[in-house]
1. Checking the table 113/185; 119/185; 162/185; 92/113; 92/162; 109/185 against a 19 Å threshold on Cα-Cα, which pairs fail?
2. Dipole of the chain, Cα-centred, from +1 at each Lys and Arg C-beta and -1 at each Asp and Glu C-beta, to the nearest 20 debye?
3. Any chance you could give the angle, 0 to 90 degrees and rounded to 10, that helix 107-118 forms with the longest Cα principal axis of the chain?
4. Round to the nearest 10 and give me the degree value, 0 to 90, for the angle of helix 47-56's Cα axis relative to the longest principal axis of the chain.
5. Who wins for biggest fluctuation among 183, 76, 191 in a Gaussian network model of the chain, springs between alpha carbons below 10 Å?
6. With a probe of 1.4 Å, find how much accessible area the chain has per residue, and write the answer as a whole number in Å².
7. Picking from 49, 16, 36, whose Cα lies most toward the positive end of the charge dipole for the stretch 7-81 (charges on Cβ: Lys, Arg +1; Asp, Glu -1)?
8. Using only the Cα atoms, work out Rg/Rh for the stretch 94-215, with Rh taken as the Kirkwood radius, to two decimals.
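The values are calculated or read from the model by the stated rules, or taken from the named source; none is laboratory data. Remember, it's a predicted structure, so these values are computed and weren't measured experimentally. Note that we place each Cβ from the backbone using ideal geometry, even for glycine, and neighbour counts take in every protein chain shown. Heads up: the accessible areas ignore ligands, DNA and RNA and are worked out on the full protein's heavy atoms, side chains in. Shrake-Rupley method; radii C 1.70, N 1.55, O 1.52, S 1.80 Å.
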Amino acid sequence: MSEDLAPELKPLMAALLDGDHTSALRETQALLASGLPRERIVTEGLEAAMSRLDEKCTVEGFNLLEIMLVGRAVSAVVNELYPGGEPPTAGKATFIIATLEGDVHDLGKNVTKMVLIGKGYRVVDLGKDCPVQTVVEAAARENARAVLVSGLITSVIREVRKVRPALAARGLEHITIVAGGAALKQATPEALDVDYVAETAFDGARFLDDLVGDAQ
Ligand code: B12
């Protein structure tokens, strides 16, 4: 494990990479009790652990069970950090969030959702592998202020590019589109045909705060 890692986060990283969700939860509770901000636990703990996992997660060397166990540990930590429960029925604004068709990664989407719920937004989660048309129907039905798409595999970029024309075809061109996730954050908003590409869940939340604030 690298030397520049915050020492207090090392036990959490180790527990996550072992896929040991019981220890990961215990470490998270200890970090919260010590006053470490949630944002640092996510960006320097969860995301850093996943980057480390990335080194093992190649098309040639892909241990599905190992990665699923790590995924379960990450989900447990996210639920511990943001025990929001049910999203508020009426929040500051409503957002639709999804991972689009062809992509089954959902850990980053779930983190983003919980961060936004924690800020008082209503977030309608359409899950993973979600058709663009389902996103459009939900945006219309829920009177959404923004559509948030998460993408981890490069092949999903073509689905992301369909979102704006599909919204426009329903008369929803006023809806803001925000993209995030490892595969999308390497692209420009122009390339994805979205309004903003977020580096992290927190970066995206700040953009949305400004957007909703400006509209009030
Ligand atoms: C865990 C994992 C899996 C798990 C997913 C479990 C789950 N429930 O999500 C499983 C085992 C299922 C999996 C499967 C596959 N995976 Co995979 N996986 C990963 C891994 C190691 C970590 C991803 C992750 O969860 N990161 C942690 C989260 C918290 O980070 P994040 O998503 O970036 O989210 C943060 C921000 O980006 C942001 N964010 C995310 N989304 C959004 C959205 C918005 C709107 C906003 C504002 C912010 C935001 O918020 C988060 C917190 O800040 C990555 C490597 C990597 N470093 O990304 C490979 C990786 C994504 N996988 C990859 C591949 C190839 C696959 C498979 C195709 C493998 C295979 N041969 O079958 C399949 C995909 C099948 C499919 N059709 O989708 C490649 C993708 C390559 C590419 N560019 O196309 C990667 C990059 C690994 C690699 N180096 O090859 N994978």
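1. Where the Cα-Cα span goes over 19 Å, the pairs concerned are 119/185; 92/162.
2. Values: 22 positive and 32 negative charges, 126 e Å.
Result for the chain is approximately 600 debye, rounded to the nearest 20.
3. The two axes meet at around 70 degrees.
4. With rounding to tens, the tilt is 80 degrees.
5. Most flexible of the set in this elastic network: 191.
6. Ligands and nucleic acids excluded, the result is 49 Å² per residue.
7. 36
8. Result for the stretch 94-215 is an Rg/Rh of 0.91.
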